[in-house]
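Taking it in order: structure first as structure tokens, then the write-up.
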Amino acid sequence: QVQLVESGGGLVQAGGSLRLSCAASGRTFSSYAMGWFRQAPGKEREFVATINRSGSITYYADSVKGRFTISKDNAKNAVYLQMNSLKAEDTAVYYCAANYGSTSRHNLAYDYWGQGTQVTVSS
């Protein structure tokens with residue numbers, strides 16, 4: 001069982017930055033690949049970024065590539081999403097998720113989800 005708690009969301013102007021954190025419970029965090037997803041009002045949840053168990057391999061959605069960076073700290077049981085050059089279209093609730101397996105862009109691959117944190121980018 002893994003419990004995930006996101007933090008770091010908020011209101012920021014376009015062009016600004018935010019860093020999201022996801023704290024995980026449990027002693028097997030290093031066994032999980034992690035992902036960040038987001039869901040805007042009226043839209044389906046979409047993939048943002050994923051990182052493998054050791055933190056050495058990452059993948060990003062095209063819409064955030066070059067602006068967002070996912071990282072994982074197994075010693076701290078945490079995963080982060082550094083978001084730079086934010087745009088209005090990045091406004092959404094951001095969720096972190098854990099997958100007892102490899103990286104995936106598909107939300108159905110993930111076993112555990114956090115409650116989400118709101119990111120609002122004003123233009």
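The values are calculated or read from the model by the stated rules, or taken from the named source; none is laboratory data. Here the structure is a predicted model, which means the values were calculated and not measured. Counting neighbours? That spans all protein chains shown, and the Cβs are built from the backbone with ideal geometry, glycine included. All accessible areas refer to the heavy atoms of the entire protein, side chains included, with ligands and DNA or RNA removed. Shrake-Rupley method; radii C 1.70, N 1.55, O 1.52, S 1.80 Å.
Tabulated data
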read-out	value
Under-5 Å amide H pairs with residue 68, H placed in peptide plane, nonlocal only	84
Formal net charge of residues neighbouring residue 47 (Cβ-Cβ distance under 14 Å; K, R +1; D, E -1)	+1
Nearby lysines by direct alpha-carbon distance to residue 43 (threshold 29 angstrom, same-chain neighbours under 8 apart not counted)	65, 72, 87
Surface share of carbon and sulfur [accessible, 1.4 angstrom probe, percent] for the stretch 60-123	47 percent
Residue-normalised accessible area of the chain, expressed per residue, 1.4 Å probe, Å²	51 Å²
Neighbourhood net charge (14 Å Cβ-Cβ; Lys/Arg +1, Asp/Glu -1) for residue 37	-1
Convex hull of Cα atoms in the stretch 12-61, direction-averaged projection (nm²)	5.0 nm²
67, 45, 27, 19, ranked by accessible area, largest first (probe 1.4 Å)	27, 19, 45, 67
Whole-Hz ³J(HN,Hα) from phi, Karplus 6.51 cos²θ - 1.76 cosθ + 1.60, for the stretch 88-94, glycine and proline x	4, 6, 7, 4, 4, 8, 9
In Å², nearest 10: area of residue 29 left accessible to a 1.4 Å probe	10 Å²
Amide H contacts of residue 116 (H built 1.01 Å from N, under 5 Å, at least 5 apart or other chain)	6, 96
Overall Cα dimensions of the chain - principal axes, largest extent first, Å	41, 27, 23
Over the stretch 28-123, relative contact order from alpha-carbon pairs under 8 Å, at least 6 apart, %	32 percent
Probe 1.4 Å, all protein chains present, accessible-area order of 32, 59, largest first	59, 32
Residue order for 95, 100 - accessible surface, 1.4 angstrom probe, largest first	100, 95
